[in-house]
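Visitor: Okay, here's the structure, questions in a sec.
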C-alpha cells in the first residue's frame, strides 16, 4: 500500500514533466518554428550545462556561473529589502498613527512594476548596478513590510501583559517579547520577498545588461540563439524553486519555536 | 490595617449600540475589599461574573471608572511586579524554556543582584514547584499542569507584595488540579505571600483560603460578605471532608452564591415585569 503510494509520488511528477515536453515539442513543430524543440535546446545548450563553470568572456559563461552572479545580486537586493522592510513593518504594526500616515503611500508604491522602478533607479544612481539593487530591494520589500506589520499587530495580549506586569523597558519588551512573537510572520515575509527578488532579477539584468541569467537571456535573444533563452528560463525556474524550498525549511523551523 | 484595599471600585465596558452610540455596561460595581498582609483570599464566582476583570484591575492592566485601589495605603499606578500575576493560560513565552521564563521575571525585579545570584534565585523557584528536571524544556513540551507550575514559579520569582492568580488551575484535569492545589498550599505555607486567587471551584477555595468572597453573577457584579475558613493548616483534602470548620465554610459560601443567584434573578424578573407593565 505504502509502496504504491510512493511510486505514484514518483511517477506523477514525471508524467507532468513528460506532458510539458510533449506540448513544448508540439508548439515548436506546429505553431512556432523559431522555437527550438527540447532536443535542440539540449544540443545547443549542453556546453553550458556540462561545463557549468566555464568563462569565455563577460557574456559567455557556464550556466552556474551566470546563476551565481544573479544570486549574488539577489542576495544584495534581498538583504537591503529585509534591512529596510523589517523595521518599517515594525513601525507600521506598532503605531496606528504611523500606519495611517504611511499605509496609503505603501499601497500605491506596492503595485509598481520593476520595469517602472529601474529607469528611476538609473536616474537616481546613474549606474546600472546600484539601480538594479534599488529595483530589487524596493520591489521585494513589500511582503516583508506587510507580514511583519501583521505579525506585530497579532502579538497576543497575554504576552504583552507579561511584559507590562514585569515593567520591562521598551527595548527589552521588543527584544524578549515582540521580536520573538513576530518571527514566524517575518520569515513568511522573507520567503515571499526572496521569491519577489528572484522574479525581479531577470527584468533588472535585462534592462541593465549585467552578466547573469537575465542578462544572458536578453543577449541571446538579440543574437537570435533562442535555445539559450529556454536554457535561461529553465535555470531561473529551477533556482527559484530551490530558493523557495530552502526558505520554507527555515520558515518552518521558526514556526515551531 | 489593610494591606491591599479596594474602595467602591466600578468598572464599565463600552457596548457598541446599533446606531454606533456606545452604551456603557457596568461589569463590576461597588467593589469594596480589604486584605491583610499574608492573607490568602479566594474570590469565587460563576463564569462571566467579571472575575478576570477584577484581577486585571488589581494588577493595573486596566483602570477603574471610579473608586480606588490602594497597596500599602498608596494608590496603584499601572501594572508592576509588586503585584505578580499568574494568568489563566497561555502566558508562558513559548520561545523561552522554563528557566528563561522564570529568569526573565527575576531579572526584571532584582536589578542589584549579580547574574549568578539571579540564576540561583530563578532555580530556587523552579525547585519550589518541583520542576528542576524540566529546566531546559520549552512550554510546548510540558503538560498543562507543568505549565501552570512554571507560571506560579514565575509569579513568585517576582517576589511580589501580592500574588494574583486568575483561575490558575481551571484548565487542568481534576487529578492534576488536586495535586497542584496541595502543592500551592505547601508553597504558601513556606512563603506566606499575600494571595488573591480567583476560582470557580468552591472546594479549591475552602482548601486554600483564609477568607472567601463571592462575586454575584454579572453584569454589575459586586462582592458578597466574607466567609472565614478557620480550619487549621496544613489542610489535607482527605481529612477535610470530616472537618466541621470546612463543612461550615463550604455551606456558607454555597448559600451566599445561591441566594445571590436567586436575588439577581428576582431583580431581573421584576425589571422585566416593569417593562411589560409599562
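Visitor: Over chain A, what is the mean sequence separation of C-alpha contacts under 8 Å (at least six apart), divided by residue count, expressed as relative contact order in percent? Each step should come with its number before you reach the end.
Guide: Numbers: 301 pairs, mean separation 58.1, N = 257.
Relative contact order of chain A: 23 percent.
Visitor: What is the P(r) of chain B, as percent of Cα-Cα pairs per 5 Å bin from 0?
Guide: Spelled out per bin, shortest first, that is 1, 5, 12, 15, 17, 16, 13, 9, 6, 3, 2, 1, 0, 0, 0.
Visitor: Here is a follow-up. In whole percent, what relative contact order does chain B give with Cα contacts below 8 Å and a gap of six or more residues?
Guide: Working: 508 pairs, mean separation 65.8, N = 278.
After rounding, I find 24 percent.
Visitor: So if I take the centroid of the Cα atoms in the stretch A:1-59 and the same for the stretch B:193-260, what is the distance between those two points in Å?
Guide: 77
Visitor: Right, another one. So how do A:50-62, A:232-244, B:157-169, A:157-169 stack up, highest first, on mean other-Cβ count within 10 Å?
Guide: On the way: A:50-62: 13.8, A:232-244: 16.5, B:157-169: 22.8, A:157-169: 18.9.
Those peptides, ordered most packed to least, come out B:157-169, A:157-169, A:232-244, A:50-62.
Visitor: Between residue B:259 and residue B:23, what is the spin-label point distance in nm, taking each point 7 Å from the Cα along the Cα→C-beta axis?
Guide: Output for this residue pair reads 3.1 nm.
Visitor: Classify the stretch A:22-85 as rounded, prolate or oblate from the Cα gyration tensor: take a ≥ b ≥ c as the square roots of its eigenvalues, call it rounded if a/c is under 1.5, otherwise prolate when a/b beats b/c and oblate if not.
Guide: On the way: a/c = 3.74, a/b = 1.72, b/c = 2.17.
Taking the square roots of the gyration eigenvalues as a ≥ b ≥ c, the stretch A:22-85 is oblate.
Visitor: Looking at the protein assembly as shown, send over the antiparallel percent of its DSSP beta bridges, to the nearest 5. Don't skip to the end; give the middle numbers.
Guide: Values: 21 of 41 bridges.
About 50 percent, rounded to the nearest 5.
Visitor: Which order do the peptides A:19-29, A:184-194, A:215-225, A:118-128 come out in when sorted by mean C-beta neighbours inside 10 angstrom, highest first? The partial results should precede the final answer.
Guide: Working: A:19-29: 12.8, A:184-194: 23.1, A:215-225: 17.5, A:118-128: 14.8.
My ranking of the peptides, most packed first, is A:184-194, A:215-225, A:118-128, A:19-29.
Visitor: Given points 7 Å out from each Cα along the Cα-Cβ axis, report the residue A:30 to residue A:84 separation in nanometres with one decimal.
Guide: 4.9
Visitor: Report, as an integer, the average count of C-beta atoms from other chains found within 10 Å of each Cβ along B:149-162. Intermediate results must be reported in sequence, preceding the final value.
Guide: Numbers: counts 0, 0, 1, 0, 0, 3, 1, 0, 0, 3, 0, 1, 0, 0.
Per residue, the number of nearby Cβ atoms from other chains is 1 on average.
Visitor: Right, another one. Please give the contour-minus-distance gain from residue A:254 to residue A:115: 0.36 nm per residue of separation, less the Cα-Cα distance, rounded to one decimal in nm.
Guide: Working: separation 139, 0.36 × 139 = 50.04 nm, distance 3.39 nm.
Full-extension gain reported as 46.6 nm.
Visitor: With the Cα gyration tensor of the stretch A:37-256 giving a ≥ b ≥ c as the square roots of its eigenvalues, does the rule (a/c under 1.5 for rounded; else a/b larger than b/c for prolate; else oblate) give rounded, prolate or oblate? Please report the intermediate quantities before stating the final value.
Guide: Numbers: a/c = 3.21, a/b = 2.07, b/c = 1.55.
Verdict is prolate for the stretch A:37-256.
Visitor: Is it possible to state the helix-based mean residue ellipticity at 222 nm for chain A, with each DSSP H run of 4+ residues giving -39500 (n - 2.57), the sum divided by total residues, to the nearest 500 deg cm²/dmol? What is it? Each step should come with its number before you reach the end.
Guide: Values: 11 runs with 206 residues, N = 257.
It comes out at -27500 deg cm²/dmol, rounded to the nearest 500.
Visitor: Just how far, in whole angstrom, is the stretch A:217-245 from the stretch A:80-156 if you go by their alpha carbon centroids?
Guide: 27
Visitor: Count the DSSP beta bridges whose two residues both fall in chain B, then state the antiparallel fraction as a percent rounded to the nearest 5. Write out the running numbers ahead of the final one.
Guide: On the way: 20 of 40 bridges.
Expressed as a percentage, antiparallel bridges in chain B total about 50.
Visitor: Another one. One quarter of the convex hull surface, Cα atoms only: what value does that give for the protein assembly as shown in nm²? Mind dumping the intermediate values first?
Guide: On the way: hull surface 156.7 nm².
Averaged projected hull area, Cα only: 39.2 nm².
Visitor: Taking the mean number of other Cβ atoms within 10 Å as a proxy for protection, how do you rank A:136-143, B:45-52 from highest to lowest?
Guide: Values: A:136-143: 25.8, B:45-52: 19.1.
Ranking, from highest mean packing down: A:136-143, B:45-52.
Visitor: What FRET efficiency do you get for residue A:174 and residue B:226 if R0 is 51 Å and r is their Cβ-Cβ distance, rounded to the nearest 0.05?
Guide: Working: r = 44 Å, r/R0 = 0.85.
Efficiency for this residue pair is about 0.70.
Visitor: Further, regarding this structure: Which whole number gives the average, over all residues in B:93-104, of C-beta atoms from other chains lying within 10 Å of the residue C-beta?
Guide: On the way: counts 8, 6, 10, 3, 0, 0, 0, 1, 1, 0, 0, 7.
Average neighbour count from other chains, rounded to a whole number: 3.
Visitor: Using helices alone, what [θ] at 222 nm do you get for chain B, with -39,500 (n - 2.57) per DSSP H run of 4 or more residues, divided over all residues and rounded to the nearest 500?
Guide: Numbers: 8 runs with 112 residues, N = 278.
Rounded to the nearest 500, the figure is -13000 deg cm²/dmol.
Visitor: Next question. How much FRET efficiency would the formula 1/(1 + (r/R0)^6) give for residue A:39 and residue A:233, where r is the Cβ-Cβ distance and R0 is 25 Å, rounded to 0.05? All intermediate terms of the calculation are to be shown ahead of the outcome.
Guide: Values: r = 17 Å, r/R0 = 0.66.
Taking R0 as 25 Å, the efficiency between residue A:39 and residue A:233 is 0.90.
Visitor: Give the average, rounded to an integer, of partner chain Cβ atoms located within 10 angstrom of each Cβ in A:166-176. It would help to have the intermediate numbers written out before the result.
Guide: Working: counts 13, 8, 4, 1, 0, 0, 3, 0, 0, 0, 7.
That average works out to 3.
Visitor: Taking the number of other C-beta atoms within 10 Å as the exposure measure, put A:108, B:109 in order starting with the fewest. It would help to have the intermediate numbers written out before the result.
Guide: Working: A:108 9, B:109 19.
In order of increasing Cβ crowding within 10 Å: A:108, B:109.
Visitor: With a/c under 1.5 counting as rounded, go ahead and sort the stretch B:169-231 into rounded, prolate or oblate using the C-alpha gyration tensor (a ≥ b ≥ c being the square roots of the eigenvalues; past the cut-off, prolate if a/b is larger than b/c, else oblate). Show your work: numbers first, answer last.
Guide: Working: a/c = 2.20, a/b = 1.36, b/c = 1.62.
Note, shape of the stretch B:169-231 comes out oblate.
Visitor: What FRET efficiency would be calculated for the residue pair residue B:32, residue A:103, taking the C-beta separation as r and a Förster radius of 45 Å, to the nearest 0.05? Before the final figure, lay out each step's value.
Guide: Values: r = 47 Å, r/R0 = 1.04.
Between residue B:32 and residue A:103 the formula returns 0.45.
Visitor: Please compute the length gained on full extension between residue A:167 and residue A:72, using 0.36 nm multiplied by the number of residues separating them and subtracting their Cα-Cα distance.
Guide: Values: separation 95, 0.36 × 95 = 34.20 nm, distance 4.39 nm.
Computed gain between residue A:167 and residue A:72 is 29.8 nm.
Visitor: Also: What nm value, rounded to one decimal, do you get for the distance between residue B:141 and residue A:199 when each label is placed 7 Å out toward the C-beta?
Guide: A separation of 4.0 nm, rounded to one decimal place.
Taken together, the values in this text are just the output of simple stated rules run on the coordinates, not laboratory data. Note that the coordinates shown come from a computational prediction; the quantities given were computed from them, not determined experimentally. No Cβ is skipped: glycine too gets one built from the backbone with ideal geometry, and neighbour counts run over all protein chains shown.
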